[in-house]
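Trainee: Pasting in a structure now, in structure tokens, and then I'll have a few things to ask.
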Amino acid sequence: MDSKEFGLVFAQQLTGMEDLHYGYWDDSVPAISVLYMKQAQQRYTEQLIDTLEQHGKPSMKVLDVGCGTGVVLQALSERGHQVDGVIPAPHLEKQVRERVQTQGYNSQVWGCTMEALPVVSLEGQYDAVLFSESFQYIPYRVALEHAWQLLKPGGVVLVCDFFKTEHTGDGQPGDRSFGGGHKYQEFLEWLGQSDWRCVQNDDITAHTSPNIRLLDELLTLRVAPAMTTLNTYLSGRHPWILAFVKWLFRKKLRKLKFKYLSGHRSQAVFERYKTYRRLVLIKPS
Ligand SMILES: C[S@@+](CC[C@H](N)C(=O)[O-])C[C@H]1O[C@@H](n2cnc3c(N)ncnc32)[C@H](O)[C@@H]1O
């Protein structure tokens, strides 16, 4: 398990959250508040389905790549689509399998990465391939070469995920406080030279970045003061043990402090270094 996968599984186990994607904040969500997080996440799922249905058929065979706990797989199935899932994290795979079994769906669940999917045996079987916040984890050439093989002619790929902007690496204070994402310009150049037909490319950064604001508030207003209290308590009770542990994990602690508690993980910083895109690609007939 790499550190990104660990972060996802850890957050899921800690919060019991079913949606592993950002919320989509638009006028249908009453306010930007943790109170409406669930609603914004449901809105995100809705916009995925609306986009797929707009470009696809009324009843599709869909492959949900990196399907998390299976929330989107379930929502798509409820709309009458037949949905298979790819899920490399065993803890999440278990939840997807339970969901599929409870709901009685005829879904195939692949417990592997997209890279390891046996695409040759699945050639031309799908109407749509969905990457909902999973695209950044997969080398994009492999992701789209495999999707090409899996799709029928005229089939659709929907990518909803963030990419790195041209500001990445500019050395400003917030630089590198957010990881993840392929380099957007480099990806676009590659896409332009490929045989994919890009029919939609929306910048939805402003609809997703409020998540970062909420998380930043949680970290700076709740987690940081709690950590200070814990530090004060432990320095009084076990000063030597605390000093030793801090020394042992000094590099990791420095990194975590910079990433989460330095105040650089703001909405503005996210909007500078990331561009969140909703991309629809068609495999020409
Ligand atoms: C942020 S979660 C998104 C989950 C889900 N698609 C959603 O929208 O709620 C990222 C997902 O990508 C999956 N993932 C990570 N690396 C992957 C890979 N190489 N191939 C396929 N899925 C991958 C993770 O296991 C996780 O389920």
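The values are calculated or read from the model by the stated rules, or taken from the named source; none is laboratory data. Please read these numbers as outputs of a predicted model, since none were measured by experiment. Here Cβ is always computed from backbone atoms with ideal geometry, including for glycine, and neighbour counts include all displayed protein chains.
Trainee: Since T220 meets every condition but one in (1) polar (S, T, N, Q); (2) under 20 Å from the mean Cα position of the chain (by Cα); (3) surrounded by 14 or more Cβ atoms within 10 Å (Cβ to Cβ), which condition does it not meet?
Mentor: Only one criterion in (1) polar (S, T, N, Q); (2) under 20 Å from the mean Cα position of the chain (by Cα); (3) surrounded by 14 or more Cβ atoms within 10 Å (Cβ to Cβ) is unmet by T220, namely (2).
Trainee: Let me ask something additional. Would you mention how many residues in segment 65-94 are in a strand (DSSP E or B) and near the ligand (Cβ under 6 Å from one of its atoms)?
Mentor: Number of matching residues: 2.
Trainee: Hey, does segment 195-210 have a residue that's buried (at least 19 other Cβ atoms within 10 Å of the Cβ) and in a strand (DSSP E or B)?
Mentor: no
Trainee: Which number in (1) at pLDDT below 95; (2) more than 15 Å from the chain's Cα centre (by Cα); (3) within 13 Å of the ligand (Cβ to nearest atom); (4) of a type in the set (D, E, K, R) marks the one condition that E46 misses?
Mentor: (1)
Trainee: What are the pairs with Cβ atoms under 9 angstrom where one residue, in segment 51-78, is modelled with pLDDT of 95 or more and the other, located anywhere, is basic (K, R) and surrounded by fewer than 24 Cβ atoms within 10 Å (Cβ to Cβ)? Sequence gap at least six, or different chains.
Mentor: Within 9 Å, the pairs are T51/R278; E53/R79; K61/K152; G70/R97; G70/R99; V71/R99; L73/R99; Q74/R99.
Trainee: Give the residue, chosen from G85, G70, G66, that is closer than 29 Å to Y184 by Cα, in contact with a Cys (Cβ under 9 Å, 6 or more places away or on another chain) and in the same structural domain as L150 (by TED's automatic domain parsing).
Mentor: Within the list G85, G70, G66, the selection yields G85.
Trainee: Let me ask you something else. Does at least one position in segment 106-117 carry a residue that is under 22 Å from I282 (Cβ atoms), among the hydrophobic types (A, V, I, L, M, F, W, C), away from the ligand (no atom under 11 Å from the Cβ) and assigned by TED's automatic domain parsing to the domain that holds L158?
Mentor: Kept after step one, since they are under 22 Å from I282 (Cβ atoms), are these residues of segment 106-117: 114, 117.
Adding the requirement that they be among the hydrophobic types (A, V, I, L, M, F, W, C) leaves 114, 117.
Remaining after also requiring away from the ligand (no atom under 11 Å from the Cβ): none.
No: zero hits.
Trainee: Name the residue that is nearest to the ligand (Cβ to nearest atom), counting only residues in segment 118-162 that are among the hydroxyl-bearing types (S, T, Y) and more than 18 Å from the chain's Cα centre (by Cα).
Mentor: Y126
Trainee: Return yes or no: is R141 farther than 23 Å from Y44 by Cα and of a type in the set (K, R)? Show your work before the answer.
Mentor: Numbers: farther than 23 Å from Y44 by Cα: yes; of a type in the set (K, R): yes.
For R141, the condition - farther than 23 Å from Y44 by Cα and of a type in the set (K, R) - is met.
Trainee: If I filter segment 15-38 down to residues being outside any loop (DSSP other than H, G, I, E, B) and surrounded by 17 or more Cβ atoms within 10 Å (Cβ to Cβ), which single residue comes out as nearest to the ligand (Cβ to nearest atom)?
Mentor: For segment 15-38, the residue satisfying everything is M37.
Residues checked against (1) in contact with a Phe, Trp or Tyr (Cβ under 8 Å, 6 or more places away or on another chain); (2) surrounded by fewer than 23 Cβ atoms within 10 Å (Cβ to Cβ):
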| residue | (1), (2) |
| --- | --- |
| Q108 | no, yes |
| G124 | no, yes |
| V129 | no, no |
| A143 | yes, no |
| K152 | yes, yes |
| V157 | yes, no |
